[in-house]
Amino acid sequence: MKSLNIFSALFVALLLFVLSSNAHSAPKTILVLGDSLSAEYGLARGTGWVALLEQRLLTKKIAARVINASISGETSSGGKARLSALLEIHRPDIVIVELGGNDALRGLDLDASEQNFRDMLKMIQTSKAKPLLVAMQIPPNYGRAYTDKFFSMYAKLAKETKSALVPFFLKGVADKPALFQPDRIHLTAEAHPTMMENVWDPLQKLLKK
């Protein structure tokens, strides 16, 4: 009887180990909710930063799949309207929110934009996913007050909601005119590896949690 109890205990321990290992190795789902900068506008398919992120995950042997739900021209209100369904369909572990540029380009009210982001971050966290907010900057010709308020909005919301933050999506490329497409808004394929690296550092920290 004593031997049977030892065998049973070992079996249970082994079963728990296997279940724990499977749970740990289960692939994570990363949802990207962005605009044209994430939707490969003006680029050959597979050359944008989201595609490069998928390649990095494969190279690093990180079990994760990426769902790119980005749409050119998307605003914070459009992203908010689509987010609930995306969370329901894909059940992501991490949601990268790369929006806001079109809000600024259209001169939309920043208080409304801020509330849209706040609502999106709350929706993500309520779904048990981790948000990664991607900060953007706009040219100074929109006026100092508007420009400063727009940029500071991201860090403010990240701190308020305890969300992870990419401090500036276009760091290392925004000041290089040669990396922009003729419209002076969208980046060329040569800029996207740097954009991916800007996202990678805070993202990999979330992947390890």
Candidates per trypsin sites (Lys or Arg not before Pro) in segment 97-128, loop by DSSP, up to 13 other Cβ within 10 Å: Arg106, Lys128
Within the chain, helix-based [θ] at 222 nm, where runs of 4 or more DSSP H residues each add -39,500 (n - 2.57), nearest 500: -17000 deg cm²/dmol
Phi to ³J(HN,Hα) by Karplus 6.51 cos²θ - 1.76 cosθ + 1.60 over segment 192-209, Hz, x for Gly, Pro: 5, x, 5, 4, 5, 5, 5, 7, 4, 4, x, 5, 5, 5, 5, 5, 7, 7
Simple label model, 7 Å out from Cα along Cβ direction - Ile89 to Ala112, nm: 2.6 nm
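Output the relative contact order of the chain, whole-number percent, from Cα pairs under 8 angstrom with separation of 6+ residues. Can you show the working numbers first?
Values: 294 pairs, mean separation 43.5, N = 209.
Relative contact order here is 21 percent.
Under 8 Å for C-alpha pairs, at least 6 residues apart: give me the relative contact order for segment 119-164, rounded to a whole percent. Could the numbers behind the result be given before it?
Numbers: 33 pairs, mean separation 19.9, N = 46.
Reported as a whole number, the value is 43 percent.
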Loop sites in segment 46-114: GluC sites (Glu not before Pro), DSSP, at most 14 other Cβ within 10 Å: none
Long-range amide H partners of Gly34 with built H, under 5 Å: Ala69, Ser70, Ile71, Glu98
Length-normalised contact order for segment 87-209 - Cα pairs under 8 Å, 6+ apart - percent: 23 percent
Surface per residue (accessible, 1.4 Å probe) for the chain, Å²: 55 Å²
Largest to smallest accessible area among Asp175, Asp93 [probe 1.4 Å]: Asp175, Asp93
P(r) weight above 13 Å for segment 21-80, C-alpha pairs, percent: 64 percent
Mean-position separation - Cα centroids, segment 93-136 and segment 27-72, in angstrom: 18 Å
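The values are calculated or read from the model by the stated rules, or taken from the named source; none is laboratory data. As the structure is a computational prediction, the values presented were derived from the model and not from experiment. Cβ atoms come from the backbone with ideal geometry, glycine included; neighbour counts cover every protein chain shown. Ligands, DNA and RNA are excluded from the accessible area calculation, which covers all protein heavy atoms including side chains. Shrake-Rupley method; radii C 1.70, N 1.55, O 1.52, S 1.80 Å.
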